[in-house]
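Below is one structure. I have some questions about it.
The values are calculated or read from the model by the stated rules, or taken from the named source; none is laboratory data. Values in this document were obtained by computation on a predicted structure and should not be read as measured data. A quick note on method: Cβ atoms are made from the backbone with ideal geometry, for glycine too, and the neighbour counts reach across all protein chains shown. Just the protein is used for accessible areas: all its heavy atoms, side chains included, with ligands, DNA and RNA removed. Shrake-Rupley method; radii C 1.70, N 1.55, O 1.52, S 1.80 Å.
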Amino acid sequence: MSRKNQTLGEFIIENQTSFKYTSGELSRLINSIRLAAKVVNHEVNKAGLVDILGAFGDTNIQGEDQQKLDVYANEKFIQTLTNRNIVCGIASEEEDHFIAINSQDENNQNKYVVLIDPLDGSSNIDVNVSVGTIFSVFRRVTPIGTPVTLEDFLQKGNQQVAAGYIIYGTSTMLVYTTGAGVNGFTLNPAIGAFYLSHPDMQFPEDGNIYSVNEGNYIHFPQGVKDYIKYCQMEEGNRPYTSRYIGSLVSDFHRNMIKGGIYIYPNTSKNPTGKLRLLYECNPMAFIAEQALGKASDGFTRILDLQPTELHQRVPFFCGSKIMVEEVEEFMQKVTV
Ligand code: AHG
Ligand code: MN
Ligand code: MN
């Protein structure tokens, strides 16, 4: 039984038997993520003091400037998972290709692959605004003891066995699901332990916050333009409040607690949207559904989309169930 103020370590042990497969491997994996989260948190927290702010001087495969913390967080998560010999493969937003971990070794019995956005919201690092880390876990589909292949990473989101995020905010939290609800743990920095502070997190069924980069309005599909005007109309509990941090993790976290919707649609600049299906949308969609919210690309459930490439982008509408259903109606009414 979970109880408030239980440590994450205790929670993982107590809940291990509720996983579908109970070899303890998934528990060790979550434990490794917990450790990497603490290491990255330590670096994020002193970001203004040490030479870790600013650009790294390179771009990632998606042509985006890498920040030093992007690179640092990427290295720490990969190192932690690799050194502990816990997974057989990792794919990261910051890596061109997936990484196979000792998977050619037939003694490697590991069955999980992890996909990560090591640092989400990196444009906020230099200005002391919350950033995050997002992770997604699948069982490999190819046989154990053989090298992992692309197929292991291009699975539909509905096959995820775990997903979560870390938010480096006013306090640092780790929020995750293994398919039995969503629980949030807050780091006590003095002790270095995460405590269960938000058991069984749920999106309010409806909300009054909409989060979208309205600067792109002119480039939005007509359905989104119409929905934004609907949000701003004086009627019932509207006009809604607009809140946009520019870091998906932070916008999602606030909306899950208060009730709201996050939107990153396709635009004329980004015709398939901006957010990455494998590192951002799938894990957040899994968490959203486990918290009784909803996630869609405007037409189809995110978790039912068949990925075709590692760095694929999709439009993303995610949050309180009623709000997502409303925006879907607007999207589906207009065909242009
Ligand atoms: P990342 O820092 O991992 O590249 O992700 C940034 C994402 C997301 O977190 C955020 O909501 C969105 O990009 C912001 O995009 P705009 O600046 O275009 O609004
Ligand atoms: Mn991101
Ligand atoms: Mn990122």
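Compute the angle between helix 248-258 and the longest alpha-carbon principal axis of the chain, please, reported from 0 to 90 degrees and rounded to the nearest 10.
70
What lysines could a cross-link reach from Lys38, if we take a straight Cα to Cα line under 20 Å and drop same-chain neighbours fewer than 8 places away?
Lys46, Lys68, Lys76
For Lys258, go through the aspartates and glutamates and keep the ones whose alpha-carbon is under 13 Å away, minus same-chain ones fewer than eight residues off.
Hits, sequence-local ones excluded: Glu205, Asp206.
Further question: Amide H of Gly298: which non-local residues (sequence gap of 5 or more, or other chain) have their own amide H closer than 5 Å, using H built in the peptide plane?
Phe317
Something else: Above 20 angstrom, tally the Cα pairs of segment 40-173 and express them as a % of all pairs, no decimals. Mind showing how you got there, number by number?
Working: 4280 of 8911 pairs.
Of all Cα-Cα distances in segment 40-173, 48 percent exceed 20 Å.
Hey, any idea what % of segment 209-335's accessible area is carbon plus sulfur with a 1.4 Å probe? If you can, show how the numbers build up before the last one.
Numbers: 2400 of 4930 Å².
Carbon plus sulfur share of accessible area: 49 percent.
Let me ask something additional. Ordered by residue, what ³J(HN,Hα) values in Hz, to whole numbers, does segment 140-147 give under the Karplus form 6.51 cos²θ - 1.76 cosθ + 1.60, where θ = phi - 60° and Gly and Pro are x?
5, 9, 7, x, 4, x, 10, x
Something else: Kirkwood hydrodynamic radius, segment 201-268, all distinct C-alpha pairs: what's the number in Å?
Working: mean 1/r = 0.0806 Å⁻¹.
Result for segment 201-268 stands at 12.4 Å.
Taking just the alpha-carbon atoms of segment 280-336, what radius of gyration and Dmax come out, in angstrom?
Reported Rg and Dmax, both Å: 11.4, 32.
Any idea which of Ile99, Thr59, Pro143 is furthest toward the positive side of the dipole for segment 8-198, if Lys and Arg beta-carbons carry +1 and Asp and Glu beta-carbons -1?
Pro143
Which value results for Rg/Rh of the chain when Rg is the Cα radius of gyration and Rh the Kirkwood radius based on the inverse mean 1/r?
Details: Rg = 19.3 Å, Rh = 20.2 Å.
Reported Rg/Rh, Kirkwood definition of Rh: 0.95.
Now for a separate question. Give the Debye-formula value of log10 I(q)/I(0) at each listed q (0.11, 0.14 Å⁻¹), with one equal scatterer per alpha carbon of segment 209-335, two decimals each.
-0.32, -0.54
Reachable lysines from Lys333, Cα under 21 Å, same-chain residues fewer than 8 places away excluded?
Correct list for Lys333: Lys225, Lys229, Lys294, Lys321.
Enter the Cα centre distance for the pair segment 208-225 and segment 122-178, rounded to the nearest angstrom.
Here the two parts' Cα centres lie 26 Å apart.
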